[in-house]
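Remarks on the structure that follows.
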Amino acid sequence: MLIKSLIVGNMSVCCYLLVCKETKEAAVIDPGGDAIMILAELKKLGATLKLIINTHGHPDHVAENGSLKKSTGAAIVMHADDAAFFGKPEVIQYFSALGLPFSPPPDRLVKDGDVITFGKQSLKVIHTPGHTPGGICLYSKPNLFTGDTLFVGGVGRSDFPGGDGRQLFKSLTEKVLTLPNETKVWPGHGYGGQSSTIGEERRSNPFLSDGSWAR
């Protein structure tokens, strides 16, 4: 699987293009901006976009869902809990201050343990609520796409509507940290860097050893 990292949108989201080398079918994770750049990169790679996958429903991670779906016909994939939560009028009103478009309704709803396939590649859905109710990580050994659940040296915020610090800490310690040390971490923002490993985060990320922040 080819992985291409792009920094998109005015909130510098780490967007990932995943391409099956055999079939050239592709998935994009968290297209939060710059659809023209994403489409140009797909063309350069000779890839056909089949899936638009969101690690969570915050507008900075879904802003180009609609435009990419319109341009390519790709299916939008999101956890069921975030599809429901971010469809609420009061949630839309709260986040509308960001000035970013919300996603159209997903074409496919996923849950913990589901497997998403494109070409001959697959991603396992790991439900990691806490940053949002339906936040997910996507695992394809040895790669883990963590969205805003885990950053390099940090973790996602839990003070937005739908956030829960205790739940986030539980997701991190009981699900994310159970993966092998060599697992490569691809975060949703590059605040501390654009990649790491589970072993390195276990050793050096202060938020993973002490849950006092999780309120």
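Go through (1) in contact with a Ser or Thr (Cβ under 8 Å, 6 or more places away or on another chain); (2) among the β-branched types (Val, Ile, Thr); (3) more than 17 Å from residue 108 (Cα to Cα) and name the single condition residue 55 misses.
(3)
So is residue 171 closer than 28 Å to residue 97 by Cβ, assigned to a loop (DSSP other than H, G, I, E, B), within 18 Å of the chain's Cα centre (by Cα) and among the hydroxyl-bearing types (Ser, Thr, Tyr) or not?
no
Considering 173, 183, which residue is out of contact with any Gly (no Cβ under 6 Å at 6 or more places or on another chain) and closer than 11 Å to residue 207 by Cβ?
None of the others qualify; the one that does is 173.
Residue by residue, here is whether (1) under 25 Å from residue 10 (Cα atoms); (2) free of Cβ contacts under 8 Å to residues at least 24 places away in the same chain holds:
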site: 109; (1), (2): no, no
site: 116; (1), (2): no, no
site: 124; (1), (2): no, yes
site: 193; (1), (2): yes, no
site: 196; (1), (2): yes, no
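Out of 95, 102, report the one residue that is under 22 Å from residue 160 (Cα atoms), in contact with a helix residue (DSSP H, G or I) (Cβ under 9 Å, 6 or more places away or on another chain), in a loop (DSSP other than H, G, I, E, B) and at pLDDT below 95.
Every option except 102 fails the conditions.
Scan the range 92-103 and tell me whether some residue there is in contact with a strand residue (DSSP E or B) (Cβ under 8 Å, 6 or more places away or on another chain), over 14 Å from residue 201 (Cα atoms) and surrounded by fewer than 19 Cβ atoms within 10 Å (Cβ to Cβ).
For the range 92-103, residues in contact with a strand residue (DSSP E or B) (Cβ under 8 Å, 6 or more places away or on another chain), over 14 Å from residue 201 (Cα atoms) and surrounded by fewer than 19 Cβ atoms within 10 Å (Cβ to Cβ): absent.
Output the residues belonging to the range 130-155 that are surrounded by fewer than 24 Cβ atoms within 10 Å (Cβ to Cβ) and in a loop (DSSP other than H, G, I, E, B).
Passing the criteria: 133, 141, 142, 152, 153.
Among the numbered criteria (1) touching a helix residue (DSSP H, G or I) at 6+ places or on another chain (Cβ under 9 Å); (2) of a type outside the set (Ser, Thr, Tyr); (3) free of Cβ contacts under 8 Å to residues at least 40 places away in the same chain, which one does residue 174 miss?
Here residue 174 meets the rest and fails (1).
Quick one: in the range 1-18, of everything that is within 19 Å of residue 75 (Cα to Cα) and without any contact (Cβ under 8 Å) to a residue 60 or more places away in the chain, which residue is surrounded by the most Cβ atoms within 10 Å (Cβ to Cβ)?
Looking at the filtered set, the residue picked out is 15.
Name the single residue, out of those in the range 185-212 being touching a Pro at 6+ places or on another chain (Cβ under 9 Å), at negative phi and not hydroxyl-bearing (Ser, Thr, Tyr), that is modelled with the lowest pLDDT.
For the range 185-212, the residue satisfying everything is 194.
Of all helices (runs of 4 or more DSSP H) completely enclosed by the range 1-80, which ones contain at least 1 residues that are under 17 Å from the mean Cα position of the chain (by Cα), β-branched (Val, Ile, Thr) and farther than 17 Å from residue 136 by Cβ?
By residue number, 35-45.
Going through the range 174-208 one residue at a time, which ones are assigned to a helix (DSSP H, G or I), surrounded by 13 or more Cβ atoms within 10 Å (Cβ to Cβ) and either acidic (Asp, Glu) or over 18 Å from the mean Cα position of the chain (by Cα) (or both)?
199, 200, 201, 202, 204, 207, 208
If I filter the range 104-129 down to residues being closer than 23 Å to residue 178 by Cβ and basic (Lys, Arg), which single residue comes out as surrounded by the fewest Cβ atoms within 10 Å (Cβ to Cβ)?
111
The values are calculated or read from the model by the stated rules, or taken from the named source; none is laboratory data. Values in this document were obtained by computation on a predicted structure and should not be read as measured data. Positions of Cβ are generated from backbone atoms using ideal geometry, with glycine treated the same way; all protein chains shown enter the neighbour counts.
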